[in-house]
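A short worksheet on the structure shown next.
A short reminder: the numbers here are calculations on the coordinates, not readings from a lab. Model, not experiment: these values are computed from the prediction. For neighbour counting, all protein chains shown are included, and Cβ atoms are generated from backbone atoms with ideal geometry for every residue, glycine included.
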Amino acid sequence: MFREIEYGQGFSLLLAPRQPKQNELGFKTQYNATSSSKNDAVTAKGRSREMEHGSFTNDKDASFTLAEEDHTLANAVRFMLNQDPRVTLAGYSIPHPSLECVNVRVQTTGDPAREVLKDACQELMLMNRHVRSVFDKAVSEFKVEQARLAAEEEEKKKAEEEEIKKQRDLLASMDIESD
């Protein structure tokens with residue numbers, strides 16, 4: 001009944017099988033499912049909506065509307081799409097600043113635009129995983145280095161305190177004549 005696409009790290013998208021509706025201009029509009037009782041946490045905000053606008057005769061050109069997204073995701077997706085040699089045009093627009101949606105336009109050399117967009121999103125996720133792993137590694141190395149420096153500082157402080165104590169003991173053991 002529902003088709004689930006796993007995106008990793010607990011995020012998935014459930015797609016409902018629906019027939020595309022044709023509008024008066026001959027373009028198809030297809031809505032994909034939001035969430036269901038099977039998986040209520042589809043995105044970080046709890047819901048995901050994607051709308052595709054395209055032609056029945058030409059699936060290499062399509063526009064996608066991503067709800068509740070902004071320049072952050074749209075620019076990254078656009079960048080990944082433009083890296084793909086199958087893409088002839090990739091861009092995005094935000095219809096109005098007060099609307100929380102992004103329109104992504106994809107034109108390809110022949111492959112279905114939906115598949116190219118899906119591939120770009122998967123490549124973006126792989127890139128994000130790599131950046132996260134490099135960042136986590138750098139943070140752990142920094143913490144180890146900070147702990148090592150703190151231990152060295154503590155050792156140095158103890159050595160200084162011990163040297164001061166020795167000097168005080170030596171000074172106290174000296175018999176100084178007083179007048």
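Observations
- Scanning region 167-178 turns up one or more residues that are part of a helix (DSSP H, G or I) and of a type in the set (Ser, Thr, Tyr).
- Of all the numbered requirements in (1) touching a residue at least 12 places away in the same chain (Cβ under 8 Å); (2) farther than 16 Å from ALA120 by Cβ, GLN83 misses one, and that requirement is (2).
- Taken as a whole, the structure places SER98 among residues that are more than 18 Å from MET51 (Cβ to Cβ) and part of a loop (DSSP other than H, G, I, E, B).
- Filtered residues of region 84-98 (kept if farther than 16 Å from PRO112 by Cα and in contact with a strand residue (DSSP E or B) (Cβ under 9 Å, 6 or more places away or on another chain)): GLY91, TYR92, SER93, ILE94, PRO95
- Any hit, region 125-133, residues being outside any strand (DSSP E or B), in contact with a Phe, Trp or Tyr (Cβ under 8 Å, 6 or more places away or on another chain), surrounded by 10 or more Cβ atoms within 10 Å (Cβ to Cβ) and in contact (Cβ under 8 Å) with a residue 24 or more places away in the chain: yes
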